[in-house]
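First the structure, in the form of structure tokens, and then the observations on it.
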Amino acid sequence: MNVVPNLENRNDIRDFVYHLKGVIEAAEVIHTQMELLDQSINSDLEIATDVMGRLRAELYTHLTYHLKELKRPFLELSHSLSKALDENTSTNEVPPP
């Protein structure tokens with residue numbers, strides 16, 4: 001499913017999109033686990049303990065991996081966009097009166 005088709009169709013930012021979507025996916029899992037923890041914290045300590053294990057894995061493995069791997073593609077895309085903006089601005093300058 002292409003939720004960001006303009007980004008997903010560009011091979012030059014494939015890593016950026018992949019890792020950013022991984023961060024979003026991890027956040028969604030964390031949200032679900034937090035809801036389960038909220039439901040079980042006062043009623044079923046076994047479930048709450050299990051949820052904490054899953055939260056730990058999601059936070060320290062999945063989310064951390066994507067955040068770490070996102071750094072380089074994020075900086076590359078930011079630099080590329082800034083450079084393109086500078087070039088576009090310099091070619092579209094209004095001549096002095």
Handout entry: Residue among Leu81, Leu67 that alone is among the aliphatic types (A, V, I, L, M), part of a helix (DSSP H, G or I) and modelled with pLDDT under 95
Key = Leu81
Completion exercise
Being at pLDDT below 95 and part of a helix (DSSP H, G or I) narrows Ile13, Ile47 down to just Ile13
Practice task
Return yes or no: is Leu7 surrounded by 11 or more Cβ atoms within 10 Å (Cβ to Cβ) and at pLDDT 95 or above?
Solution key: no
Fill in the blank from the handout: Of Glu58, Glu76, Glu25, the only residue that is surrounded by 15 or more Cβ atoms within 10 Å (Cβ to Cβ), in a helix (DSSP H, G or I), acidic (Asp, Glu) and under 16 Å from the mean Cα position of the chain (by Cα) is Glu58
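The values are calculated or read from the model by the stated rules, or taken from the named source; none is laboratory data. What you are looking at is a predicted structure, and each value in this text was computed from that prediction instead of being measured. Note: ideal-geometry Cβ built from the backbone for every residue, glycine included; neighbour counts use all protein chains shown.
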